[in-house]
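Participant: The structure is given below, and queries will be raised subsequently.
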Amino acid sequence: MTQPFSTTERTESIMDWFQLHSREATWAGVVVVALAAGGWFYNRSKDLKSERAEKAYYQAQRSVNAGNMPLAESDLKKMIERYDGTNASTLARIQLAQIMYDQGKYQTGVDQLKAVEDKVGSSKDYGAAVHMVMAAGYEQLKNYNAAAQQYEAASKVARFDADRQRHLGQAAMAYLEAGNKEKARQIWTDLGADSKGAVAGEARVRLGELIAAPAPKS
């Protein structure tokens with residue numbers, strides 16, 4: 001029967017292995033440390049990038065508050081290019097889209113937000129704002145179906161039920177503008193059924209107007 005190793009023998013065995021495989025052991029240790037350090041530096045760099053992005057955003061915001069829109073537009077574009085993917089860059093895109101709208105460049109403004117729609121569209125932090133501003137741009141472009149879909153998307157990520165209902169009410173109005181009365185009727189019927197809803201009263205009025213409206217002449 002094989003005798004178990006004593007503590008001393010086990011220690012000597014481990015030391016012998018390290019002496020025989022010192023290079024491999026050293027490199028294994030370096031790799032572990034490097035991986036750990038790499039993770040730390042990555043997270044830290046993300047934090048630093050976010051901090052710098054926020055500073056750059058608020059710097060651009062000063063130009064907006066001062067009414068210097070050309071400078072604000074330039075600052076926001078540079079900030080987005082440099083810090084794309086940060087939360088601050090999303091805010092910058094929303095601000096830039098609004099500046100574009102003020103200049104009548106509605107499609108350009110919408111395109112700014114389409115660039116991040118897939119990434120932040122479902123976010124509880126910025127999703128609703130992105131969809132709402134996009135909807136406003138589509139309305140100006142007379143693309144009411146697209147606007148309605150954006151209002152509905154905003155309702156799905158709204159933090160509060162009252163906001164969700166208001167966004168749906170806006171979607172119904174946009175669908176009506178698009179000529180989709182059935183979709184508008186469906187939304188207003190659902191909203192009006194909630195007696196305690198934020199837009200229940202308005203929904204019933206709108207539904208009544210829709211039902212009472214004369215049918216188009218053939």
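Participant: Taking 30 Å as R0, compute the FRET efficiency from the Cβ-Cβ separation of LYS196 and SER122 and round it to 0.05.
Facilitator: For LYS196 and SER122, the calculated efficiency is 0.65.
Participant: In terms of the ratio Rg/(2.2 N^0.38 Å) built on C-alpha atoms, what value belongs to the range 156-218?
Facilitator: Dividing the Cα radius of gyration by 2.2 N^0.38 Å gives 1.14.
Participant: Further, regarding this structure: Is the C-alpha gyration tensor of the range 74-126 telling us rounded, prolate or oblate? Criteria: a/c under 1.5 is rounded; beyond that, a/b larger than b/c is prolate, otherwise oblate.
Facilitator: It is oblate, given that a/c is not under 1.5 and a/b is not larger than b/c.
Participant: Quick one: order ARG159, ARG166 from most to least accessible surface, probe 1.4 Å.
Facilitator: The ordering from most to least exposed comes out as ARG159, ARG166.
Participant: How much length is gained if the chain between GLU209 and LYS105 is pulled fully straight, taking 0.36 nm per residue apart and subtracting their Cα-Cα distance, in nm to one decimal?
Facilitator: 34.0 nm
Participant: Among the listed pairs LYS77/LYS119; LYS119/LYS142; LYS55/LYS105; LYS142/LYS183, which have their C-alpha atoms separated by more than 24 angstrom in this model?
Facilitator: Those over the limit are LYS119/LYS142; LYS55/LYS105.
Participant: Calculate, for LYS49 and ASN145, the FRET efficiency according to 1/(1 + (r/R0)^6) with r their C-beta to C-beta distance and R0 41 Å; round to the nearest 0.05.
Facilitator: 0.60
Participant: Separate question: How large, in percent, is the carbon and sulfur part of the accessible surface of the range 71-216 at a probe radius of 1.4 Å?
Facilitator: Carbon and sulfur together cover 47 percent of it.
Participant: Starting at the first residue of the range 118-128, write each ³J(HN,Hα) from the Karplus equation 6.51 cos²θ - 1.76 cosθ + 1.60 with θ = phi - 60°, in whole Hz, x for Gly and Pro.
Facilitator: Those phi angles translate into 5, 7, 10, x, 9, 6, 6, 7, 10, x, 4 Hz.
Participant: Still on this structure, I have one more. Would you mind calculating the relative contact order of the range 102-202 from Cα pairs under 8 angstrom and at least 6 residues apart, reporting the percent as a whole number?
Facilitator: 20
The values are calculated or read from the model by the stated rules, or taken from the named source; none is laboratory data. Remember, predicted model here, so these are calculated numbers, not experimental data. Here the Cβ is made from the backbone with ideal geometry for all residues, glycine too, and neighbour counts use every protein chain on show. SASA here: full protein model, heavy atoms, side chains in, ligands and nucleic acids out. Shrake-Rupley method; radii C 1.70, N 1.55, O 1.52, S 1.80 Å.
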